[in-house]
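Data first, discussion second: the structure below is written as structure tokens.
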Amino acid sequence: MRSLSQELVNGVAQLFPDAIFYHKTTEKVVALTIDDAPCPQDQDDCGTRIILDTIAKHNQEYSYLEPAKATFFIISSHLSPDSRIISEIMAHGHEIANHGVIDETHALLTPQKFEQQLKEAHEKLLELTGSNGIRWYRPGRGFYNQTMLKAIALLTAQENYDLQLVLASMIPFDTFDLTNHPWLTAIYTKQMVFPGAILVFHANSIRVAHNTAIALKAILKDLRQRGYRIVTVSQLLDLD
């Protein structure tokens, strides 16, 4: 029997069929995603490393299980010139995805500006990852329109991108000061978990990243106790 959260997400997904909100499966598995990494003006990438360390410590504690993996949706302008955080994320076994150049509402950009920024961010990530495997794009603030979809399709055709639009199974509240508390994030997330869910958390400042790390410690433990695998977006959506 489906949970209420699953029914709600399914209803939203039917209204917006061009985006991926979850994956239909009966297997106990969820995708973990982190938005807005690395933290802006964080020269040493401390915020992102806090999250990486939290996941790594969790994996050490549960070393007898498949390691938890995440997809990091990167904002390219947040990367400092000498940053090595992309290679560090990948070295931990996590996935890199496109979250644009600037942390803003991409749906409000002109078609030309959106296409320019999408391509700029994508090419930067391809360069830093040394691959052509950037498969996922998440629009700023979670809004998209048909113009954006056309731009994604055009770049896929012209540049051989293999890019799809991914949202999430939950509305994040961790970017607002009043609701960005680890205990609230953990309690809320627990209610939104179902097989095939895509969970989203944020790293748009060192404070937010720190709270995300605290929340993840409880969230990952709860998921393990409930028998869930924790995977990247690619691992989830590649399931049969």
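Taken together, the values in this text are just the output of simple stated rules run on the coordinates, not laboratory data. Values in this document were obtained by computation on a predicted structure and should not be read as measured data. Cβ: placed from backbone, ideal geometry, glycine included. Neighbour counts: every protein chain shown.
Numerical summary
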item: Qualifying residue in the range 72-85 (condition: in contact with a Gly (Cβ under 7 Å, 6 or more places away or on another chain) and touching a residue at least 24 places away in the same chain (Cβ under 8 Å)); result: yes
item: Selection within the range 153-187 - assigned to a loop (DSSP other than H, G, I, E, B) and β-branched (Val, Ile, Thr); result: Ile171, Thr175, Thr179
item: Filtered residue count, the range 75-113, keeping only those that are buried (at least 16 other Cβ atoms within 10 Å of the Cβ), polar (S, T, N, Q) and within 23 Å of Val233 (Cα to Cα); result: 2
item: Every residue from the range 43-69 that is among the small types (Gly, Ala, Ser), over 22 Å from Arg84 (Cα atoms) and crowded, with 17+ Cβ neighbours inside 10 Å; result: none
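Conditions (1) closer than 20 Å to Asp103 by Cβ; (2) surrounded by fewer than 21 Cβ atoms within 10 Å (Cβ to Cβ); (3) within 16 Å of the chain's Cα centre (by Cα), marked per residue:
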{"site": "Val200", "(1), (2), (3)": "yes, no, yes"}
{"site": "Ala209", "(1), (2), (3)": "yes, no, yes"}
{"site": "Asp222", "(1), (2), (3)": "no, yes, no"}
{"site": "Gln225", "(1), (2), (3)": "no, yes, no"}
{"site": "Tyr228", "(1), (2), (3)": "no, yes, no"}
{"site": "Ser234", "(1), (2), (3)": "no, yes, yes"}
